[in-house]
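Undergrad: Got a structure here, written out as structure tokens. Questions coming.
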Amino acid sequence: MRLVTTSSDDPAREAWAGEFFDRWYAALAAGEGHDRPDPASWRPEELRAELARGTDHDVLHWLLALDDDGTAAGAADVRVAVHDNRHVARLQIAVPPGSRRRGVGTRLLAAVAEVAAAAGCSVLRAETERPVAHPEGTWPGTVALRRWGFAPGLVEARRQLALPVPARTLDDLEAAARPHAAGYRWWTFPDAVPEPDVEAVAGLMARMSTDAPQGDLAVEPEVWDAARVRSGEALRRAQGRRSWTAVAADAAGTLVGYTTLVQSAHEPDRLQQWDTLVVAEHRGHRLGTLLKVAALRAAVADAPEATRVSTWNATSNVPMIAVNEAMGFRLDELCEELEAPVADVRSALAARDAVRR
């Protein structure tokens, strides 16, 4: 077995993609999607665009494990932030069922740990997603990560909303919430943030890292400005994604909350609920409900082909979960984020190799 790799700052990445991308993605999709009825994985066109364009806030590393005959045995990627949280290397490792129990995942983890160490990262962060009906503690990805010293940091629940939602449901939710939001106003816009609001929206996005539940993850405040917002919008366009955002302002005109729905041209039947935030000092006014209702109305009016919305919330985020369930979202998967010190993982892998010798 051999590994072939590239990164978003590699001048030869397009040549790598031309030779290896299809096998890399096939291994990723087969590993991620096994035993999951509806994995919300990125489409190949989206990932290919990300590698081709790169991002201004992450350096991406892609790794592919190949058997001697050139068959893809496993795939991994590593993301290292540029502006903030540079101590964390976010990773995913996927091994198709037919290649499991052969040491493929361990080989990829060792390579990932070397990438992280070379980038100066001290923490590895991974996530696993499993159907809620699957027994806890037996999901292969979680078992493998815990074997190498990863500890749970945050559990998120994925819920899905079948579309269309009855108009009466949304009308009733809005009517019940409006009396609590006196003095506030809210509105929606498609795709790019209007120029007068871009700095304020950047400030709200920064607060996602401080105001949203993070569990026991090693998270530092994120750094956002207008340029970073515009860079993310440009990447979404390159990936074939469009979005609808609802924002709320207080009586002084200061933005205090937002939510965003995203649709991919490569998966038009799904809307993904991205960030939803009401800053801590403005909670208790039902703004989360009003924002989500407004964004959903705008999105389904423009994208009637969508059949469902997928959203993720920390299991500790009881107020937002209550909003989602009132809208009709139903639980179907759990996503567990786990972390381990890079040095500890490398030491454990080295100890295993020493025993085998």
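Undergrad: Taking all protein chains in place and a 1.4 Å probe, what share, in percent, of the accessible surface of the chain do carbon and sulfur account for? Working shown, then result.
TA: Working: 8380 of 15860 Å².
Ligands and nucleic acids excluded, carbon and sulfur give 53 percent.
Undergrad: Taking amide H positions as placed in the peptide plane 1.01 Å from N, state which residues far from Arg241 in sequence (5 or more) or on other chains have amide H under 5 Å from it.
TA: Amide H to amide H, under 5 Å and 5 or more residues apart or across chains, Arg241 pairs with Ala265.
Undergrad: Another question, then. Dipole size in debye (nearest 20) for the chain around its Cα centre, Lys and Arg Cβ +1, Asp and Glu Cβ -1? If you can, show how the numbers build up before the last one.
TA: Numbers: 41 positive and 51 negative charges, 141 e Å.
Here the size comes out at about 680 debye.
Undergrad: With point charges of +1 on the Cβ of Lys and Arg and -1 on the Cβ of Asp and Glu, referenced to the Cα centre of the range 204-283, which listed residue (Trp224, Ala252, Gly240) lies farthest in the positive direction of the dipole?
TA: Toward the positive end, the furthest listed residue is Gly240.
Undergrad: What fraction of the DSSP beta bridges in the chain is antiparallel, stated in percent and rounded to the nearest 5? Mind dumping the intermediate values first?
TA: Working: 68 of 75 bridges.
Taking every DSSP beta bridge within the chain, about 90 percent pair in antiparallel fashion.
Undergrad: Turning to a different aspect of this structure: Find the percent of Cα-Cα distances in the range 11-159 that exceed 29 Å, and round it to a whole number.
TA: Numbers: 1550 of 11026 pairs.
Result: 14 percent of Cα pairs exceed 29 Å.
Undergrad: How tilted is helix 342-356 with respect to the longest principal axis of the chain? Cα atoms for both, answer in degrees (0 to 90, nearest 10).
TA: 30
Undergrad: Which ³J(HN,Hα) values, rounded to whole Hz and listed in residue order, are derived for the range 261-273 from phi using the Karplus coefficients 6.51, -1.76 and 1.60 in 6.51 cos²θ - 1.76 cosθ + 1.60 with θ = phi - 60°, glycine and proline given as x?
TA: 10, 10, 10, 9, 4, 8, 8, x, 7, 10, 9, 10, 7
Undergrad: Then there's this: Calculate, for the range 85-163, the solvent-accessible area per residue in square angstrom, rolling a 1.4 angstrom probe over the heavy atoms of the protein chains. Could you put the intermediate results ahead of the total?
TA: On the way: 3580 Å² over 79 residues.
Heavy-atom SASA per residue in the range 85-163 reads 45 Å².
Undergrad: Using a probe radius of 1.4 Å on heavy atoms only, what accessible surface per residue do you get for the range 173-257? Whole Å² is fine.
TA: 46
Undergrad: How much accessible surface area, in Å² rounded to 10, belongs to the heavy atoms of Val318 with a 1.4 Å probe?
TA: Its heavy atoms expose roughly 100 Å² to the probe.
Undergrad: Here's something else I'd like to know. Can you give me the long-range amide H partners of Gln92? Hydrogens built in the peptide plane at 1.01 Å from N, cutoff under 5 Å, separation of 5 or more residues or another chain.
TA: Amide H to amide H, under 5 Å and 5 or more residues apart or across chains, Gln92 pairs with Asp77.
Undergrad: Something else about it: How about the range 116-189: which GluC sites (Glu not before Pro) there are in a DSSP loop, with at most 12 other Cβ atoms within 10 Å of their Cβ?
TA: Answer in residue order: Glu136.
Undergrad: Once each part is reduced to its C-alpha centroid, what is the distance from the range 190-236 to the range 59-122 in angstrom?
TA: 27
Undergrad: While we're looking at this one, here's another question. Have a look at the DSSP beta bridges in the range 47-164 and tell me what percent are antiparallel, nearest 5. Please list the in-between numbers first.
TA: Details: 15 of 19 bridges.
Beta bridges within the range 47-164, antiparallel portion: roughly 80 percent.
Undergrad: Oh, and also: How far is helix 44-53 tilted, in degrees, relative to the longest principal axis of the Cα atoms in the chain, given as a value from 0 to 90 rounded to the nearest 10?
TA: The two axes meet at around 80 degrees.
Undergrad: Going by alpha carbons, how many degrees (0 to 90, nearest 10) lie between the helix axis of 167-177 and the longest principal axis of the chain?
TA: That helix lies at roughly 70 degrees to the long axis.
Undergrad: Give the calculated FRET efficiency between Ser347 and Arg2 to the nearest 0.05, with a Förster radius of 25 Å applied to their Cβ-Cβ distance.
TA: Working: r = 25 Å, r/R0 = 0.99.
The computed FRET efficiency comes out at 0.50.
The values are calculated or read from the model by the stated rules, or taken from the named source; none is laboratory data. If you're wondering where the values come from, they're calculated on a predicted model, not measured in any experiment. Cβ coordinates were reconstructed from backbone atoms using ideal geometry, including for glycine residues, and neighbour counts include every protein chain displayed. The protein model used for the area step is the full one, side chains on, heavy atoms only, and it has no ligands, DNA or RNA in it. Shrake-Rupley method; radii C 1.70, N 1.55, O 1.52, S 1.80 Å.
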